[in-house]
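Structure first, then comments.
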Amino acid sequence: MKILVTGGAGYIGSHTIVELIKAGHSVIITDNLCNSHKNAVARVEQITGTSVPLYAADIRDSAALSRVLDEHPADACIHFAGLKSVGESNSHPCEYYDNNISGTLNLISVLRAHNVKNIIFSSSATVYGIPEKSPVTEDCPKGICTNPYGWTKWMAEQILTDLHNADPSWNIVLLRYFNPIGAHPSGLIGENPNGIPNNLMPYITQVAVGKRECLHIFGNDYDTPDGTGVRDYIHVVDLARGHVKALEAIKRNCGVALYNLGTGKGCSVLELVKTFEAVNHVHIPYVIEPRRAGDVAVCYSDPGKAERELGWKAEYGIEEMCRDSWNWQKNNPQGY
Ligand code: NAD
Ligand code: WQD
């Protein structure tokens with residue numbers, strides 16, 4: 001299939017494009033590069049030996065998107081483009097709603113005008129709000145989100161579902177990612193956050209490479225085996241392969257389909273730190289800080305639905321995630 005990938009220069013998008021090309025699909029990227037670098041696409045080309053057209057188009061720019069689709073008629077869209085910082089969404093809510101919601105609405109209208117009615121959307125475990133229990137299954141109700149970023153994912157899921165209800169010829173796959181970490185095993189592409197990382201793994205790798213003095217662990221008094229927060233970390237290459245499987249569901253006219261993409265295994269902050277140290281033979285100094293507002297003690301997926309219906313299952317474990325995150329960071333200490 002020919003796939004329009006919005007946000008394809010970003011962390012998850014770039015890894016997904018590698019897997020799409022490996023599976024025989026062709027790809028066009030639109031990305032305004034607000035949180036990514038064009039070199040990521042050059043690296044994807046290096047890994048795959050395939051040229052990948054990149055258009056520096058914003059998803060809110062109808063004319064630019066239309067030109068791309070006029071030139072490259074597509075069969076489906078994988079929609080990664082969006083802003084994703086929880087903290088920034090609290091301080092700049094309107095920018096988040098504009099980018100993530102107005103952007104998605106605009107994209108839908110351009111896709112419809114080009115008769116592209118297949119879309120895979122990057123959602124997030126954040127739509128569960130504070131889950132009552134883990135593992136979280138897809139039939140757990142969507143919750144009260146704890147920040148505007150989360151609400152944009154919640155609302156975009158609703159918009160896409162309503163779109164299908166109004167016109168069943170749309171196929172929509174909503175993928176709820178848990179905590180993506182890791183990097184391509186080549187070390188050529190990986191996560192490259194601007195400024196101080198919000199998420200745990202890029203913070204750990206920046207401590208390891210000497211960019212930050214020590215890790216701040218947010219709380220060790222949770223009701224978990226070692227007191228630190230438990231999450232479902234998933235290797236970004238496994239996550240990327242989930243999108244290839246989702247395209248197969250689209251080919252089968254899946255209607256609206258919703259899947260958790262996680263490993264189903266919880267891992268604490270301290271377990272992740274200890275594994276990173278053991279696998280990579282580096283020391284990660286840390287200090288314990290108070291809990292971070294909005295954090296839950298435990299959140300991990302039940303990924304069984306994706307296995308049953310898509311034949312997808314995460315293959316990599318925490319060791320490989322730690323190895324590949326470090327391999328990327330140490331080979332690219334300044335990112336792209
Ligand atoms: P990322 O920031 O690396 O990638 C997003 C890409 O979208 C960037 O390249 C950015 O430049 C581009 N972009 C942003 N706004 C745009 C716009 N208006 N027009 C065109 N391009 C635009 O983030 P990522 O980690 O690769 O995440 C991809 C998607 O997955 C996002 O929608 C994110 O919300 C979602 N998600 C991410 C995580 C995570 O922990 N990384 C978890 C759950 C869901
Ligand atoms: C993981 C654990 C922290 C940083 C976020 C978003 C979510 C999704 C994935 C997009 C927690 C602890 C972290 C640090 C720490 N993104 N931590 N020190 O909060 O589970 O999920 O990213 O959709 O929406 O909320 O991920 O990596 O920030 O935190 O101790 O410097 O690490 O308290 O227990 P989180 P995270």
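Each value in this text was obtained by applying a stated rule to the coordinates, not by laboratory testing. Quick caveat: nothing in here was measured; it's all calculated off a predicted structure. Cβ placement follows ideal geometry from the backbone for every residue including glycine, while neighbour counts extend to all protein chains displayed.
Antiparallel DSSP bridges in the chain: what percent, to the nearest 5?
Values: 2 of 39 bridges.
Looking only at bridges with both residues in the chain, the antiparallel portion is about 5 percent.
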Given points 7 Å out from each Cα along the Cα-Cβ axis, report the ILE144 to HIS216 separation in nanometres with one decimal. 2.7
Measuring from centroid to centroid over Cα atoms, what is the spacing of segment 68-120 and segment 280-315 in Å? 26
Once LEU33 and ASN198 are pulled to full extension, the length gained, defined as 0.36 nm per residue separation minus their Cα-Cα distance, is 57.5 nm
If you build a Gaussian network model of the chain, linking Cα atoms that sit under 10 Å apart, which residue out of ALA81, ALA208, ALA64 swings the most? ALA64
Once amide H atoms are placed 1.01 Å from N in the peptide plane, what residues at a sequence separation of 5 or more from VAL27, or on another chain, have their amide H within under 5 Å of its amide H? ILE3
Would you mind checking segment 28-70 for residues with the amide N under 16 Å from a putative spin-label position 7 Å along Cα→C-beta of MET155? 60
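Per residue and in cubic angstrom, what volume does the convex hull of the Cα atoms of segment 2-135 have? Can you show the working numbers first?
Numbers: hull volume 16.6 nm³, N = 134.
In segment 2-135, the Cα hull volume divided by residue count equals 124 Å³.
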Round to a whole angstrom and tell me the spacing of the C-alpha centers of segment 140-160 and segment 227-276. 18
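Calculate how large, on average over all directions, the projected area of the Cα convex hull of segment 95-146 is; give the answer in nm² to one decimal. Kindly include the intermediate steps, with their values, before the conclusion.
On the way: hull surface 18.8 nm².
The directionally averaged projection comes out at 4.7 nm².
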Give me log10 I(q)/I(0) at q = 0.14 Å⁻¹ for the chain, Debye formula, one equal scatterer per alpha-carbon, no solvent. -1.14
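Over segment 170-322, what per residue volume does the convex hull of the Cα atoms give, in whole Å³? Write down the numbers at each step before the final one.
Values: hull volume 20.6 nm³, N = 153.
Residue-normalised Cα hull volume stands at 135 Å³.
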Tally the DSSP beta bridges in segment 175-329 and give the antiparallel ones as a percent, rounded to 5. 15
In a GNM of the chain with a 10 Å cut-off on Cα contacts, which of ASN147, ASN115, ASN32 has the highest mean-square fluctuation? ASN115
To the nearest 0.05, what FRET efficiency results for THR137 and ARG291 with a Förster distance of 30 Å applied to their C-beta separation? 0.70
Rank PRO141, TYR97, SER109 by how far each Cα sits towards the positive end of the charge dipole of segment 70-154 (+1 on Lys, Arg Cβ; -1 on Asp, Glu Cβ) and give me just the farthest. PRO141
Over segment 86-212, relative contact order from alpha-carbon pairs under 8 Å, at least 6 apart, %: 27
Pair-distance profile P(r), taking every C-alpha pair of segment 137-205, with 5 angstrom steps and integer %: 3, 12, 15, 17, 16, 14, 12, 8, 3, 0
Stick to Cα atoms and the Kirkwood definition of Rh, then tell me Rg/Rh for segment 260-336. 1.04
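With only alpha-carbon atoms in the gyration tensor, what are the semi-axes of the equivalent ellipsoid for segment 118-232, in Å, largest first?
31, 20, 12
Want the number for MET1 to SER62: 0.36 nm per residue separation, take away the alpha-carbon distance, what's left?
Details: separation 61, 0.36 × 61 = 21.96 nm, distance 2.31 nm.
Extending this stretch completely gives an extra 19.7 nm.
What is the diffusion coefficient of segment 196-239 in µm²/s, taking the Kirkwood radius over Cα pairs and the Stokes-Einstein relation at 10 °C with a viscosity of 1.306 mPa s? If you can, show how the numbers build up before the last one.
Details: Rh = 12.1 Å.
Translational D for this selection: 131 µm²/s.
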Would you mind classifying segment 56-110 by shape? Square roots of the alpha carbon gyration tensor eigenvalues, ordered a ≥ b ≥ c; an a/c under 1.5 is rounded, otherwise it is prolate if a/b is larger than b/c and oblate if not. prolate
Report the calculated FRET efficiency for GLU319 and ASP75 (r = Cβ-Cβ distance, R0 = 35 Å), to the nearest 0.05. 0.40
Given the rule -39500 (n - 2.57) for each run of at least 4 DSSP H residues, summed and divided by the residues of the chain, what is its mean residue ellipticity at 222 nm, to the nearest 500 deg cm²/dmol? -12000 deg cm²/dmol
